[in-house]
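Visitor: Would you mind keeping the following structure in view while I ask a few things?
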Amino acid sequence: MPSTTITSPNPPADPPWYQPVADEVQLFEAAYLARMPVLLKGPTGCGKTRFVEHMAWRIAQGRADKSSNAAPALITVSCHEDLSATDLIGRHLLLDDRTVWTDGPLTRAVRSGAICYLDEVVEARKDTTVVIHSLADHRRTLSIDKTGELLQAHPDFLLVISYNPGYQSAVKDLKPSTRQRFVSLDFGYPSVELETTIIAHESGIDLAMAERLALIGQKVRHLREEGLDDGASTRLLIYAGQLMVRGIAPRRACDVAIARAIGDDAAVHDAIADIVDVLMP
């Protein structure tokens, strides 16, 4: 079965912290009200998963304020190359001397009205995207061939998927028949000012050092001519800040959390080291 993370139906007192970059919060809320499936596109570590967690909390709060019914959970599936449609829908399992049906995470979300988030969906096997087609259009149904059920999605169910279009090969890209079923929100790295705020909040480092890290991230992302395919994610910059807060020297923190995390190319390491030498004390 796939690796899943299921949040409690009762939302936490404090929301998962998220710094809006544009109008993505308002767009997601509007899509949820219309029950439009949502596609999040953007580079790794730019905040897509945190955004979904934040929006699930906001939606849960809204429902809790207006109804005594349990607010919807967030079910997250981290997709990988071995993830099949069976993993998502469910399977028969042996229990003692009998066979019982066990719902997969997608089926649980459809039945209960949860938000189901398929992270990096193009990494899953091809049969996976076919399964979600009927859930991502006007039908909002899920066919379970092994039990003969045709499930109508709970009114509160919402399907959200994500992927990194700059990283995927053409073989793994989303087909138009899948893509055009979703409202598409583009995510990118924030401005230096916003990223400074994010790094400071998430790592606990002071604003001056957070700004240095944000500038390093911006400059590293411009190293395309050095053969760098993917830039320093906001996540890596936060990691560097967290190491510094715990006593690691700034340049060493940047080396292990940024340069060596990005790749093994010596030329790229040297180029990042040059940037760090200019910006770090």
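Visitor: If you check 238, 199, 205, which single one turns out to be assigned to a loop (DSSP other than H, G, I, E, B), under 26 Å from residue 17 (Cβ atoms) and at pLDDT 95 or above?
Guide: The unique qualifying residue is 205.
Visitor: A follow-up question, please. What's the number of the only condition in (1) of a type in the set (Lys, Arg); (2) over 21 Å from residue 51 (Cβ atoms); (3) in contact with a strand residue (DSSP E or B) (Cβ under 8 Å, 6 or more places away or on another chain) that residue 175 fails to meet?
Guide: (3)
Visitor: Let me ask something else. Applying the selection to segment 154-164, what residues are touching a Gly at 6+ places or on another chain (Cβ under 8 Å) and either without any contact (Cβ under 8 Å) to a residue 60 or more places away in the chain or not hydroxyl-bearing (Ser, Thr, Tyr) (or both)?
Guide: 154, 155, 156, 157, 164
Visitor: If I go through segment 15-35 residue by residue, how many of them are surrounded by 16 or more Cβ atoms within 10 Å (Cβ to Cβ) and farther than 13 Å from residue 183 by Cα?
Guide: Of the residues in that region, 4 qualify.
Visitor: Then there's this: Is there a residue being crowded, with 16+ Cβ neighbours inside 10 Å, of a type in the set (Gly, Ala, Ser) and out of contact with any Cys (no Cβ under 9 Å at 6 or more places or on another chain) anywhere in segment 185-197?
Guide: Looking for residues that are crowded, with 16+ Cβ neighbours inside 10 Å, of a type in the set (Gly, Ala, Ser) and out of contact with any Cys (no Cβ under 9 Å at 6 or more places or on another chain), one finds none in segment 185-197, hence no.
Visitor: Looking at segment 83-118 only, could you name the residues that are modelled with pLDDT of 90 or more and in a loop (DSSP other than H, G, I, E, B)?
Guide: 83, 84, 104, 113, 114
Visitor: From the set of residues in segment 119-149 that are in a loop (DSSP other than H, G, I, E, B) and without any contact (Cβ under 8 Å) to a residue 12 or more places away in the chain, which is surrounded by the most Cβ atoms within 10 Å (Cβ to Cβ)?
Guide: Filtering segment 119-149 for residues that are in a loop (DSSP other than H, G, I, E, B) and without any contact (Cβ under 8 Å) to a residue 12 or more places away in the chain, the one surrounded by the most Cβ atoms within 10 Å (Cβ to Cβ) comes out as 139.
Visitor: Would you call residue 159 out of contact with any Pro (no Cβ under 8 Å at 6 or more places or on another chain), modelled with pLDDT of 90 or more and among the aliphatic types (A, V, I, L, M)?
Guide: No; evaluated as a whole, the condition is false for this residue.
Visitor: Also, quick follow-up: Looking only at segment 181-197, decide whether some residue is touching a helix residue (DSSP H, G or I) at 6+ places or on another chain (Cβ under 6 Å) and basic (Lys, Arg).
Guide: No, there is no match, as no residue in segment 181-197 is touching a helix residue (DSSP H, G or I) at 6+ places or on another chain (Cβ under 6 Å) and basic (Lys, Arg).
Visitor: Looking at residue 162, is it among the small types (Gly, Ala, Ser), surrounded by 18 or more Cβ atoms within 10 Å (Cβ to Cβ) and under 23 Å from the mean Cα position of the chain (by Cα)?
Guide: yes
The values are calculated or read from the model by the stated rules, or taken from the named source; none is laboratory data. Worth saying up front: this structure is predicted, and the values here are computed from it rather than measured. All Cβ positions, even for glycine, are placed from backbone atoms using ideal geometry, and neighbour counts span all protein chains on display.
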